Amino acid sequence: MAVKVIVDSVRINLANETRVVLLKDAKIDRYLLINIGEWESYAIVAELHGQKSPRPFTHDLLHTVINRLGAKVTSILVHSLRDEVFFASLFITHGDQEIEIDARPSDSIALAVRCDAPIFVEDAVFDQVGFKDSSSKEEDEEKLS
């Protein structure tokens with residue numbers, strides 16, 4: 001079963017300078033950390049704060065292309081974790097057809113925040129690496145946003 005999540009924050013781990021996105025279960029106090037790249041972290045934070053670039057980022061371009069083709073991003077699903085790598089799918093509708101596209105979670109999230117598309121995480125992924133209390137994680141990480 002998939003659980004709806006929200007982007008709680010994007011952070012930087014001060015110990016190793018990596019970026020993470022913190023997803024929060026929309027209904028209960030449960031979190032998931034996903035490592036992301038620097039550019040993806042900036043793309044997510046910029047959109048969440050309404051900061052527009054003078055030229056479109058890749059995620060802005062993809063959003064525009066999807067819209068101009070008459071399609072719509074309907075949801076994002078982080079569906080699995082294998083060998084410490086998260087896997088996601090991007091769901092797009094075009095007419096009466098639903099298309100599932102393999103995508104990195106970071107790119108999917110950056111696109112979802114631009115499209116106001118819901119983000120979901122499979123319960124099995126939360127069971128593997130989710131956690132209930134973010135306070136211990138906050139000691140090692142600083143918010144980017």
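The values are calculated or read from the model by the stated rules, or taken from the named source; none is laboratory data. Everything quoted here is computed from the prediction, not taken from an experiment. Methodologically, a virtual Cβ is constructed for each residue, glycine included, from the backbone with ideal geometry; neighbour enumeration extends over all protein chains shown. The protein model used for the area step is the full one, side chains on, heavy atoms only, and it has no ligands, DNA or RNA in it. Shrake-Rupley method; radii C 1.70, N 1.55, O 1.52, S 1.80 Å.
Check whether at least one residue in the range 77-95 is open to solvent by less than 50 Å² (accessible area, probe 1.4 Å), of a type outside the set (A, V, I, L, M, F, W, C), farther than 19 Å from Phe120 by Cβ and touching a Ser or Thr at 6+ places or on another chain (Cβ under 8 Å), and report yes or no. Can you show your working first?
Step one: filter the range 77-95 for residues open to solvent by less than 50 Å² (accessible area, probe 1.4 Å), giving 77-78, 80-81, 86, 88-93.
Imposing the further condition that a residue be of a type outside the set (A, V, I, L, M, F, W, C) reduces the set to 80, 89, 93.
Now restrict to residues that are farther than 19 Å from Phe120 by Cβ: none.
Scanning the range 77-95, I find no residue that is open to solvent by less than 50 Å² (accessible area, probe 1.4 Å), of a type outside the set (A, V, I, L, M, F, W, C), farther than 19 Å from Phe120 by Cβ and touching a Ser or Thr at 6+ places or on another chain (Cβ under 8 Å), so the answer is no.
From the residues in the range 30-81 that are of a type in the set (Gly, Ala, Ser) and over 18 Å from Cys115 (Cα atoms), which one is farthest from the chain's Cα centre (by Cα)? Break it down stepwise before answering.
Of all residues in the range 30-81, those of a type in the set (Gly, Ala, Ser) come to 37, 41, 43, 46, 50, 53, 70-71, 75, 80.
So of that shortlist, the ones also over 18 Å from Cys115 (Cα atoms) come out as 37, 80.
Numbers: Gly37: 12, Ser80: 14 Å.
Residue satisfying both the conditions and the ranking: Ser80.
Quick check on this structure: which one of Val73, Val78 is touching a Pro at 6+ places or on another chain (Cβ under 9 Å) and within 27 Å of Val129 (Cα to Cα)? Don't jump to the end; show me each part of the working.
Working: Val73 fails: touching a Pro at 6+ places or on another chain (Cβ under 9 Å).
After applying the criteria, what remains is Val78.
Here is a check on your reading of the model: is Ile101 within 23 Å of Lys4 (Cα to Cα), modelled with pLDDT of 95 or more and surrounded by 12 or more Cβ atoms within 10 Å (Cβ to Cβ)?
Working: within 23 Å of Lys4 (Cα to Cα): yes; modelled with pLDDT of 95 or more: yes; surrounded by 12 or more Cβ atoms within 10 Å (Cβ to Cβ): no.
Here the answer is no, as Ile101 does not meet what is asked.
Considering only the range 10-40, state which residues are closer than 17 Å to Ile76 by Cα and hydroxyl-bearing (Ser, Thr, Tyr).
Result: Tyr31, single match.
Of (1) at pLDDT 95 or above; (2) of a type outside the set (Phe, Trp, Tyr); (3) open to solvent by 70 Å² or more (accessible area, probe 1.4 Å), Pro56 satisfies all except one. Which?
Tallying (1) at pLDDT 95 or above; (2) of a type outside the set (Phe, Trp, Tyr); (3) open to solvent by 70 Å² or more (accessible area, probe 1.4 Å), Pro56 fails exactly one: (1).
For residues that are surrounded by fewer than 19 Cβ atoms within 10 Å (Cβ to Cβ) and of a type outside the set (Gly, Ala, Ser), scanning just the range 115-125, find the one that is farthest from Lys24 (Cα to Cα).
Applying the first criterion (surrounded by fewer than 19 Cβ atoms within 10 Å (Cβ to Cβ)) to the range 115-125 yields 116, 118, 122-124.
In the following step, the residues that additionally are of a type outside the set (Gly, Ala, Ser) were identified as 116, 118, 122-123.
Values: Asp116: 16, Pro118: 12, Glu122: 13, Asp123: 13 Å.
Selected residue: Asp116.
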